[in-house]
1. Which whole-Hz couplings ³J(HN,Hα) result when phi for each residue of the range 229-246 is put into the Karplus expression 6.51 cos²θ - 1.76 cosθ + 1.60, θ = phi - 60°, listed in order with x for Gly and Pro?
2. Fewest Cβ neighbours within 10 Å first, please rank Phe119, Phe173 accordingly.
3. Take each of the peptides 329-335, 263-269, average the number of other beta-carbon atoms within 10 Å over its residues, and list them starting from the highest.
4. Quick one: what does P(r) look like for the range 109-358 with 5 Å bins over all Cα pairs, in whole %?
5. Output ³J(HN,Hα) for the range 78-83: one whole-Hz value per residue in order, computed from phi by the Karplus curve 6.51 cos²θ - 1.76 cosθ + 1.60 with θ = phi - 60°, and x for Gly and Pro.
6. Can you give the extra length, in nm with one decimal, that the chain gains between Ala309 and Val29 once fully stretched, where that is 0.36 nm per residue apart less the Cα-Cα distance?
7. Once phi is turned into ³J(HN,Hα) by the Karplus curve 6.51 cos²θ - 1.76 cosθ + 1.60 with θ = phi - 60°, what whole-Hz value does each residue of the range 281-294 show in order, with x for glycine and proline?
8. Which order, highest average first, do 243-254, 225-236 follow once you tally other Cβ atoms within 10 Å for each residue and take the mean per peptide?
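Nothing in this text is a laboratory measurement; each read-out follows from the coordinates by a stated rule. Computed from a predicted model, the values in this text were never measured in an experiment. Here the Cβ is made from the backbone with ideal geometry for all residues, glycine too, and neighbour counts use every protein chain on show.
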Amino acid sequence: MLFPPVLLVVDLLTPPDIRLGPVMVAAPVLSAAFLGPAGVLLVILVTTPCVVVAAAANLQLGATNFPFQFGAFVLLSLAALAASTVRRRRERELASSRWVAQVTQRVLLRPLPRRAGSFTLASLYRAADEEAAIGGDLYASVERNGTIRVLLGDAQGKGLAALEMANSLLNAFRRAARHHSRLDVLVAELEVEFGEDMRDCAAARAEDADIRSKHLEESFTTAVILEAADAHSTIALINLGHPPPLLVDRGTVTSVESTALLPPIGLADLNGQELHVQRVDFPAGATILLYTDGVIEARNTAGVFYPLADRMRSWVHLAPDELLMAVHDDLRRYVGTRFTDDVAMVAISRTDPPVSARRHEAGPAQRPDA
């Protein structure tokens, strides 16, 4: 706002052959990039008399070219005012979109409970597009009768399509995980519900059969589904085309490789074998880390993938929430820039011995004295 008056003072103090009046035209144009419509209008009101005074001081008011110069100034000022109005409206729309994305994230990715029976849990999510605040990675947990079931997955693709798949799978998991006693039955129902939802979404989005078929072929989600119970010293899991979890036990880090190659959810037709439920020892003090490929596929400036298992050996004694923050902070330092893919992690630690172990340690119950 002080730019035009300063130029006017300089113009009045310099010889007549130095004319700064035309330079003042830049003031409204530049202000459109930083100020709102009211601010730009104020700059225009300040600049207009400065332009006229400068032209009078340089004996240009009567010149043939001055009306054209002043007309150009008016047109540029109006354009700056319009540009500022559009920019401010876009900023409000962007702020609204960010707010909607944040609310959507809180609804879809509800924070996991910090404590569930004998287990301590922690979750972390970071979207690659920090402006959008949400992507295709997902997680959820359901606790029922001393048993906790946890889902962590990665929907194929980006944007609204990935969000649509994540929402469908999360809703199906929260419904099915509460009433199925077997993990393989739960996964089979997820496959059915996910396929039905994707067919409905594709039919609503496109009337062309070829487009609908192509959309269905591309709708899948890799996932790990885990079940842990207070009463048992093992955990059951099914890996559906997802990176293997990492188990921390007695100071060692072990990759829980799948013993059967199962396709992601949405591609069950490719599965030529029955669903395989894998069991892994999970004693007191052990921690298991579930993560999406955004962690292990992150690269440093030299193009080297992030060595998650090697780095975790330095954090084997951390609690779940501390472990996730350690991985996140180290990953951000390793990458050096913003994440190129979404990152989601869930850590589960058994803090109490299994019920069977506690009963064994306590020994048989003693009869009360007669």
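1. Karplus-based 3J(HN,Hα) across the range 229-246 equals 10, 4, 7, 10, 8, 10, 10, 10, 8, 10, 9, 10, x, 10, x, x, x, 10 Hz.
2. So the residues, fewest neighbours to most, are Phe119, Phe173.
3. 263-269, 329-335
4. 1, 6, 14, 17, 19, 17, 12, 8, 3, 1, 0, 0, 0
5. 5, 5, 5, 5, 5, 5
6. Between Ala309 and Val29, full extension yields an extra 95.4 nm.
7. 4, 9, x, 4, x, 7, 9, 10, 10, 9, 8, 9, 5, x
8. The densest-packed peptide leads the list: 225-236, 243-254.
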